[in-house]
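> Mind looking over this structure? Questions follow.
The values are calculated or read from the model by the stated rules, or taken from the named source; none is laboratory data. Computed from a predicted model, the values in this text were never measured in an experiment. Cβ sites come from the backbone with ideal geometry, for glycine too, and all protein chains shown count toward neighbours. Side chains included, ligands, DNA and RNA excluded: accessible areas come from the protein's heavy atoms. Shrake-Rupley method; radii C 1.70, N 1.55, O 1.52, S 1.80 Å.
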Amino acid sequence: MSQEPNYTFAVDTAANQNFEQLNREQPKLSLVIPCYNEEEVLPETIKRLSELMTQLCEKGKIAPDSAVVFVDDGSRDRTWQLIVQQADADALFRGLKLSRNRGHQHALLAGLHTVDGDAIISIDADLQDDIRVIEDMVDAYRQGDDVVYGVRKERTTDSFFKRATAEGYYKLLAMMGVELVFNHGDYRLLSRTALEALKKYDEVNLFIRGVIPTLGFRSSEVEYARDERFAGESKYPIHKMLSLAIQGITSFSAIPLRIIAMLGLTVSGISVVMVIWALFTRLLNPEAVPGWASSVIPIYFIGGIQLLSIGVLGEYVSKIYMETKRRPRFLIDRIK
Ligand code: UDP
Ligand code: MG
């Protein structure tokens, strides 16, 4: 007689109960908004979001205890004061202050780790991403989607440079095998289920928009046109953009390392041919004096490739270095 094996499943029942209780009818919505020196845009942002949330509440699409959570990423202007003032005046608004500037991705992560909604939407403080699609995102969630990507349908308001680099970058990442949703930034809805899954990724170098598609779950996309910033200027200077770009590649793909290996192989192949050629020349033509160029050029060439290769290796080594330290990704100073 065979007996059913008695498996013990490592299932976190507390968390699971939470998932089952996910309110699909009228979810508690949390908006997470990273802010860095945004005093110029905040009043308008607050006004527009307040209107929108009230509407959604009246339509019965979200729960009355939904919240807008601003994450102050160590601003040096009056951003935090504005947030506190608003939180005091209106229970819809909440605030989170990081101990210092940690960059958009970490600020976003701090917010995501703190909110308690059934559905969580991340959006920038400047409202360049059309807030009208928040309703579409909520609708998709109510129909059972766990991830809803906001996708830019056109980029006419971005400069040619920004558009070309951004779109080129998405293509480059796709070539490197990183699963990205084309033209999707960090404007998205996550259900509590998807967010709890994301929280399990505790790597220090977290490239959020690269991780989400690998989570799985039922997902969909909503399209919108990207607006211009209505006040203030971009808080993403070229060096922050570049760093995010390199981050995206090196935290998802080992292909650059493989390219180096292929390059090394090719150069070695060429060298073998060169050696044979040199030997033949030497043997067949005793008068031949080895030329200066043919000895110096390979030195430069191989030197260059070696430096480049060391540089790419260094990128990955620095990643390992950062990860092994297991430093916290953000520190919260105050919660409002
Ligand atoms: N941001 C942040 N920390 C930073 C830089 C930016 O929290 O170090 C926030 C910023 O306040 C905004 C969002 O990230 O809400 C996107 O920044 P921005 O609009 O300047 O970027 P762009 O739209 O120009 O790419
Ligand atoms: Mg912006």
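> Could you check how many percent of all C-alpha pairs in the chain are farther apart than 28 Å?
The proportion of pairs with Cα distances above 28 Å equals 52 percent.
> May I pose another question? Mind checking the per residue accessible area of the chain for me, 1.4 Å probe, whole number of Å²? Show your work: numbers first, answer last.
Numbers: 18640 Å² over 336 residues.
Dividing the accessible area of the chain by its residue count gives 55 Å².
> Can you tell me how much longer the chain between residue 164 and residue 302 gets when fully stretched, taken as 0.36 nm per residue apart minus their C-alpha distance, in nm with one decimal?
46.4 nm
> Okay, next question. Taking only Cα atoms, what is the 0 to 90° angle, nearest 10, from helix 292-325's long axis to the longest principal axis of the chain?
30
> Can you give the percent of C-alpha pairs in segment 202-297 whose distance is more than 24 Å? Before the final figure, lay out the partial values.
On the way: 2775 of 4560 pairs.
When all Cα pairs of segment 202-297 are counted, 61 percent exceed 24 Å.
> So what is the 222 nm mean residue ellipticity for the chain from helices alone, if each DSSP H run of at least 4 adds -39500 (n - 2.57) and you divide by all residues, rounding to the nearest 500 deg cm²/dmol?
Calculated at 222 nm, the ellipticity per residue is -16000 deg cm²/dmol.
> Explain nothing, just the number: relative contact order of the chain, from Cα pairs under 8 Å at least 6 residues apart, as a whole percent.
21
> Calculate log10 I(q)/I(0) of segment 138-279 for q = 0.19, 0.20, 0.21 Å⁻¹, where I(q) comes from the Debye formula with a single equal point scatterer on each Cα and nothing for solvent.
After summing over all Cα pairs, the log10 values are -1.25, -1.32, -1.38.
> How much of the DSSP bridge set in segment 134-234 is antiparallel, in percent, rounded to the nearest 5?
The antiparallel fraction comes to roughly 35 percent.
> Okay, next question. How much net charge surrounds residue 104 when only the other residues with a Cβ under 13 Å from the Cβ of residue 104 are counted, with Lys and Arg +1 and Asp and Glu -1?
Residues close to residue 104 contribute a combined charge of -1.
> Using DSSP, restrict attention to beta bridges with both residues in the chain and report what percent are antiparallel, rounded to the nearest 5.
Within the chain, antiparallel bridges account for around 35 percent of the total.
> I want to verify a result. In a Gaussian network model of the chain, Cα cutoff 10 Å, which of these has the top mean-square fluctuation: 55, 81, 306?
306
> Sticking with this one: Mind listing the Cα extents of segment 255-325 along all three principal axes, in Å, largest one first?
61, 19, 13
> Further question on the same structure: Among the listed pairs 97/153; 61/171; 199/325; 200/325; 199/240, which have their C-alpha atoms separated by more than 28 angstrom in this model? Before the final figure, lay out the partial values.
Details: 97/153 33 Å; 61/171 37 Å; 199/325 19 Å; 200/325 18 Å; 199/240 24 Å.
Listed pairs above 28 Å: 97/153; 61/171.
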